[in-house]
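Working notes, beginning with the structure itself.
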Amino acid sequence: MSRLKSLSCLLILLVFLPGLLAAALPAYEFQAEKKSFGWRAANYIAGAGFTADGLQFSITGNDPFLISPPANYPTDTKLCLHLRLYSEAGGRGQVFYYQQNYQETDSVWFHAERGTWTEVRLPLPPLGTATRFRLDPPGGAGRCIISFIRVELLTGQGVTEVTATAKELILNTLIDGPVQIVEVPPFSGYIAATSNAPVLLTFPVSGPLQIPRFDGDRDRLYSGFIATRTNSLGKRETIGPVRFVEKAANISRYPVPYPSAASKKGLQVQMVDDAISLGIKHATFNLNLGALIDPSKQAGNYTWKMDGETFHFNRAYLDSLRIKQLSDAGVNVSLILLVSPNNDPARNMLLHPWYDSSAPNRLGAFNVRTADGVKWLKAVMEFLADRYSRPDGVNGNVWGYIVGNEVNSHWHWYNLGNTRQSLVAQEYEAAVRLINTAVRKFSPSARVYLSLEHHWNVSYQRNLFHTCPGRGLVEDFNRYAQMGGNYDWHIAFHPYPENLTNPRTWEDTSATFTPDTPRITFRNLHLLPAFLAQPDMRYNGQPRRIILSEQGFNSKGTLDSELEQAAAYCYAYRKVETISGIDSFIYHRHVDHSKEGGLNLGLWRRQPNSISNPDTQKPIYRVFETADTPDWPQTFDFARSIIGITRWEEILSK
């Protein structure tokens with residue numbers, strides 16, 4: 001009997017442990033208790049006092065902040081900071097976490113709209129003992145009110161999982177007491193959940209809940225769901241994070257498995273016929289979604305019906321991509337999804353509202369901040385996923401969707417204005433999740449990728465509002481994805497040499513063999529799948545897949561430099577072949593391009609006085625052609641002396 005009693009106690013403890021741990025975490029309820037809890041005004045904060053809404057103060061200068069008392073936190077539990085505030089000025093806020101001295105690397109950022117309430121949950125890394133917070137409210141002037149600051153579990157409270165079936169959404173919950181379940185549009189966030197969002201269900205106990213997937217013509221597949229309750233002040237408050245669909249039970253219209261490829265050889269294609277003759281197995285095309293949409297509804301264009309509304313898309317632009325010809329030749333095609341400002345304002349709904357017009361390459365982030373932006377992004381992705389997932393391949397097939405370009409250098413290639421890493425991760429994750437959901441409606445197998453360049457533990461520039469380390473961005477992205485409900489995102493990586501003008505990547509000194517390496521290039525490429533194989537990075541126990549979607553080697557117009565370029569490809573291809581978890585090596589470029597910063601990365605030389613018209617083939621053309629054929633040893637043989645090896649096995653440690 002004593003053993004049975006002990007077992008029963010253990011089961012009860014396991015059931016209620018999340019609630020017990022949550023209760024032990026600090027919660028600063030300024031609105032409810034009207035006291036400071038040891039928080040102090042440290043810089044440019046004046047007139048602090050309490051109102052019915054919480055702790056109120058005036059901001060009297062730039063860089064205002066408050067500091068919390070120290071508290072102890074578990075190091076093996078995933079946490080988030082739950083914050084609700086009102087800001088007259090609006091803008092970016094920041095929260096530091098530290099034991100001794102605060103620093104930029106140990107902080108998270110958030111965005112608050114002007115003159116309204118903002119509620120956020122910010123994922124945190126492990127904190128430890130005697131940790132303080134420093135809260136920097138938005139703006140350099142105006143009034144600010146903080147209702148509460150709570151440290152909570154990252155997951156495990158409220159709605160804990162959402163599964164989609166053909167007709168229903170099944171919500172798993174862990175809640176104590178009477179609550180309401182609220183549906184939240186992907187762009188609206190927590191404030192909608194506590195104000196004007198309609199209540200779907202009211203119930204008193206925990207357990208799975210089933211709700212209809214469709215509300216008339218509208219598909220709830222993209223929506224988030226959150227539990228709310230009425231607190232002692234008579235106000236509705238949220239329990240746990242907004243959760244989105246993370247499991248799909250046979251919802252895809254075209255259940256076709258992911259195709260296996262005969263090799264990893266791929267190319268960013270300029271000349272389709274030449275690419276097919278080279279025997280490529282993978283290819284990418286850039287696709288500007290802003291140029292694809294047609295809000296003017298011109299006759300003859302493609303159409304797509306979603307949520308009871310018809311959307312129109314540019315037929316001529318899409319047909320210019322020869323996807324079907326490559327697909328019919330057995331090539332796995334991926335699309336690089338981009339958006340840039342358009343001269344027609346009606347086409348700019350997909351462009352993120354934080355886009356800065358001084359962005360150097362006129363490439364922006366996807367708009368997940370407004371209802372119109374979300375609507376059009378859903379529509380265009382459903383149209384593409386339906387078109388290119390059909391089993392008959394009538395339009396060709398697409399197996400990869402790469403979201404944006406080199407997002408850790410976001411100012412240059414995925415512009416959200418002057419934005420720090422944690423906010424980039426938040427906005428990017430929302431876009432990737434939406435795109436992944438659209439793809440899953442039609443294909444259970446096509447993959448959605450994050451795009452990163454080779455800066456791993458360092459940034460491309462010192463300005464951390466413009467660039468960030470790839471590793472930090474992925475770690476932040478992963479926390480936001482887990483908080484909202486994990487899903488199967490993957491990585492499209494660009495392991496260029498550390499010096500883009502020098503093809504001798506085996507000499508990269510900043511590509512070390514330790515996890516703190518500044519860069520990941522072909523020299524230490526094995527570190528990337530090792531990072532993604534960590535338990536916390538996996539999805540359903542499986543590591544994320546990797547494609548190398550853009551990288552090339554420079555030549556300088558001399559025979560020696562062109563032989564070095566060819567040798568670099570030999571080195572890279574032989575190394576990639578040995579690394580499991582990497583599915584493709586897609587070379588960039590097909591032809592030298594005059595507007596690529598002086599680089600000549602192509603398999604072909606370009607015609608003089610042209611941008612990228614092919615002229616003659618370089619030595620790399622032949623090694624590329626034979627890379628995955630029985631002729632590779634003879635064709636690659638010249639490269640060993642250039643690399644400085646006698647046997648190809650030596651490159652694994654070089």
Tally, over the stretch 91-113, of residues that are farther than 20 Å from CYS468 by Cβ and either aliphatic (A, V, I, L, M) or modelled with pLDDT of 95 or more (or both): 1
Tell me whether the stretch 141-150 contains one or more residues that are assigned to a loop (DSSP other than H, G, I, E, B) and either farther than 18 Å from TYR28 by Cα or at pLDDT below 95 (or both). yes
The lone exception for GLU168 - which of (1) under 30 Å from GLN210 (Cβ atoms); (2) surrounded by fewer than 17 Cβ atoms within 10 Å (Cβ to Cβ); (3) within 24 Å of the chain's Cα centre (by Cα) it fails: (3)
Can you tell me which residues in the stretch 43-68 are loosely packed, with under 13 Cβ neighbours inside 10 Å and either under 23 Å from TYR102 (Cα atoms) or in contact with a Leu (Cβ under 9 Å, 6 or more places away or on another chain) (or both)? ALA46, GLY49, ALA52, GLY61, ASN62, ASP63
Lone qualifier among ALA567, ALA572, ALA627 - being over 22 Å from SER277 (Cβ atoms), surrounded by 23 or more Cβ atoms within 10 Å (Cβ to Cβ) and touching a residue at least 24 places away in the same chain (Cβ under 8 Å): ALA567
Looking at ALA379, ALA365, ALA385, ALA371, can you tell me which residue is at pLDDT below 95 and in the same structural domain as HIS312 (by TED's automatic domain parsing)? ALA371
Within the stretch 249-265, how many residues are of a type in the set (A, V, I, L, M) and loosely packed, with under 14 Cβ neighbours inside 10 Å? 2
If you check ASN609, ASN600, which single one turns out to be modelled with pLDDT under 95 and in a loop (DSSP other than H, G, I, E, B)? ASN609
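If we scan the stretch 232-248, do we find a residue that is in contact with a Pro (Cβ under 8 Å, 6 or more places away or on another chain), touching a residue at least 12 places away in the same chain (Cβ under 8 Å) and buried (at least 16 other Cβ atoms within 10 Å of the Cβ)? Give the steps one after another, and end with the answer.
In the first step, residues of the stretch 232-248 are kept if they are in contact with a Pro (Cβ under 8 Å, 6 or more places away or on another chain); the result is 244, 248.
In the following step, the residues that additionally are touching a residue at least 12 places away in the same chain (Cβ under 8 Å) were identified as 244, 248.
This time we only want the ones that are buried (at least 16 other Cβ atoms within 10 Å of the Cβ), so: 244, 248.
Yes, that holds for at least one residue.
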Test for ALA197: is it over 30 Å from PRO70 (Cβ atoms) and surrounded by fewer than 19 Cβ atoms within 10 Å (Cβ to Cβ): no
Residue count, the stretch 88-123, condition over 19 Å from THR238 (Cβ atoms), assigned to a strand (DSSP E or B) and not basic (Lys, Arg), comes to 7
Count, please, the residues in the stretch 95-133 that happen to be over 27 Å from the mean Cα position of the chain (by Cα) and among the basic types (Lys, Arg). 1
Is at least one residue of the stretch 91-114 touching a residue at least 40 places away in the same chain (Cβ under 8 Å), touching a Ser or Thr at 6+ places or on another chain (Cβ under 6 Å) and surrounded by fewer than 18 Cβ atoms within 10 Å (Cβ to Cβ)? no
Of all strands (runs of 3 or more DSSP E) fully inside the stretch 447-552, the set with 2 or more residues that are in the same structural domain as ASN436 (by TED's automatic domain parsing) is 447-453, 489-494
Which number in (1) touching a strand residue (DSSP E or B) at 6+ places or on another chain (Cβ under 7 Å); (2) modelled with pLDDT under 85 marks the one condition that GLU183 misses? (2)
Kindly indicate whether SER422 is out of contact with any Phe, Trp or Tyr (no Cβ under 7 Å at 6 or more places or on another chain), among the small types (Gly, Ala, Ser) and farther than 22 Å from MET306 by Cβ. no
TRP411 fails exactly one of the following numbered conditions: (1) buried (at least 21 other Cβ atoms within 10 Å of the Cβ); (2) under 26 Å from GLY224 (Cβ atoms). What is the number of that condition? (2)
Out of the residues in the stretch 295-313 meeting the condition of being in contact (Cβ under 8 Å) with a residue 24 or more places away in the chain and touching a Phe, Trp or Tyr at 6+ places or on another chain (Cβ under 7 Å), tell me which one is nearest to TRP376 (Cα to Cα). PHE311
Residues (within 15 Å of ARG504 (Cα to Cα) and not small (Gly, Ala, Ser)) located in the stretch 633-651: PHE638, ARG640, ILE642, ILE643, ILE645, ILE651
Just one listed residue, out of THR616, THR629, is outside any loop (DSSP other than H, G, I, E, B), among the hydroxyl-bearing types (Ser, Thr, Tyr), farther than 17 Å from PHE553 by Cβ and at pLDDT 95 or above, and it is THR616
So which residues in the stretch 117-141 are in contact with a Lys or Arg (Cβ under 9 Å, 6 or more places away or on another chain) and surrounded by fewer than 18 Cβ atoms within 10 Å (Cβ to Cβ)? TRP117, PRO125, PRO126
Mind counting the residues in the stretch 487-507 that are within 30 Å of SER223 (Cα to Cα) and over 12 Å from the mean Cα position of the chain (by Cα)? 1
Among residues of the stretch 273-290, those that are farther than 16 Å from HIS588 by Cα and surrounded by fewer than 16 Cβ atoms within 10 Å (Cβ to Cβ), counted: 2
Look at VAL374 and say whether it is touching a residue at least 24 places away in the same chain (Cβ under 8 Å), touching a helix residue (DSSP H, G or I) at 6+ places or on another chain (Cβ under 8 Å), of a type in the set (A, V, I, L, M, F, W, C) and in a strand (DSSP E or B). no
In the stretch 531-560, which residue that is out of contact with any helix residue (DSSP H, G or I) (no Cβ under 6 Å at 6 or more places or on another chain) and of a type in the set (Gly, Ala, Ser) is surrounded by the fewest Cβ atoms within 10 Å (Cβ to Cβ)? GLY541
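Any chance you could count how many residues in the stretch 553-583 are outside any helix (DSSP H, G or I), within 23 Å of ILE491 (Cα to Cα) and not charged (D, E, K, R)?
Residues in the stretch 553-583 being outside any helix (DSSP H, G or I), within 23 Å of ILE491 (Cα to Cα) and not charged (D, E, K, R): 5 in total.
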Test VAL448 against the stated conditions and say whether it is among the aliphatic types (A, V, I, L, M), within 18 Å of VAL474 (Cβ to Cβ) and out of contact with any Leu (no Cβ under 8 Å at 6 or more places or on another chain). yes
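The values are calculated or read from the model by the stated rules, or taken from the named source; none is laboratory data. Just so we're clear, the structure is a prediction, and the values are computed from it rather than from any experiment. Backbone-built Cβ (ideal geometry, glycine too); neighbour counts: all protein chains shown.
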